[in-house]
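J.: Pasting a structure here, questions to come.
The values are calculated or read from the model by the stated rules, or taken from the named source; none is laboratory data. Nothing here was measured: the structure is a model prediction, and the numbers come from that model. Note that we place each Cβ from the backbone using ideal geometry, even for glycine, and neighbour counts take in every protein chain shown.
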Amino acid sequence: MKQDVKKIFNDNNVDIVKFYYCKTPLTNNIFTVCLFINKQKKVIVARGITICSLKDTYNKGKGKNIAFGRALRALIKKENYLKVKSTNRKEEFVNRTFKIKNDKAKRFFQTQVTKELVNINPNLPIVRTTSKNITIYKFQLPLNYPIELTHKYFKYKSSYKPNPVTPEEISYMKTLE
């Protein structure tokens, strides 16, 4: 199998495989991206992405494997595949809890988490309780949140000859210039 992939890479002038991830203060991971790059032409030949559900247990290796497979599919088929689209999960939610035990955690919640929550929904109800010098914030995140955020950058999970669209892709491609 490894030899087959090497041959596919050689036939399509892929000489770099690059992974990157998008995380937010509210999630372990939003998406994982695999890029197949032609260094001489300074182009992304194929891109594959995986979106981590809020219900999933984050598994970096599994995300990388799926993203790699989707990039490989785009490369072999020479087409875009699997649209990133909103689902009918708008009415489904996942409970999240933040425990604030010290001033550093409090600042992080106030500056980072609160900002993201306002972007998701300015009217998102947050329940605050205090017990034994620990402040606990409870709220519900829409299950489609990772999909909506990913859709801002990507139209397909499997893309052939895509343009760089994220800050990571743009900066990486600039390093090849």
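J.: Of the residues that make up region 66-81, is at least one surrounded by fewer than 22 Cβ atoms within 10 Å (Cβ to Cβ), hydrophobic (A, V, I, L, M, F, W, C) and part of a strand (DSSP E or B)?
T.: no
J.: In region 21-37, what count of residues is obtained for those that are at pLDDT below 95 and closer than 19 Å to THR175 by Cα?
T.: 1
J.: Sort through ASN163, ASN144, ASN121 and tell me the only one that's surrounded by 11 or more Cβ atoms within 10 Å (Cβ to Cβ), at pLDDT below 90 and in contact with an Asp or Glu (Cβ under 9 Å, 6 or more places away or on another chain).
T.: On inspection, the qualifying residue turns out to be ASN144.
J.: How many of the residues making up region 128-173 are more than 25 Å from GLU79 (Cα to Cα), among the charged types (D, E, K, R) and not in a loop (DSSP other than H, G, I, E, B)?
T.: Count: 2.
J.: When the residues of region 1-43 are filtered to those that are without any contact (Cβ under 8 Å) to a residue 24 or more places away in the chain and among the aliphatic types (A, V, I, L, M), which remaining residue is nearest to LYS64 (Cα to Cα)?
T.: Per the criteria, the residue is ILE16.
J.: Can you find, within region 82-106, the residue that is modelled with the lowest pLDDT among those that are part of a loop (DSSP other than H, G, I, E, B), more than 30 Å from ILE16 (Cβ to Cβ) and of a type outside the set (S, T, N, Q)?
T.: In this case the residue turns out to be ARG89.
J.: Filter region 119-169 for residues that are free of Cβ contacts under 8 Å to residues at least 12 places away in the same chain, closer than 28 Å to VAL33 by Cβ and over 16 Å from the mean Cα position of the chain (by Cα) and give the result.
T.: ASN119
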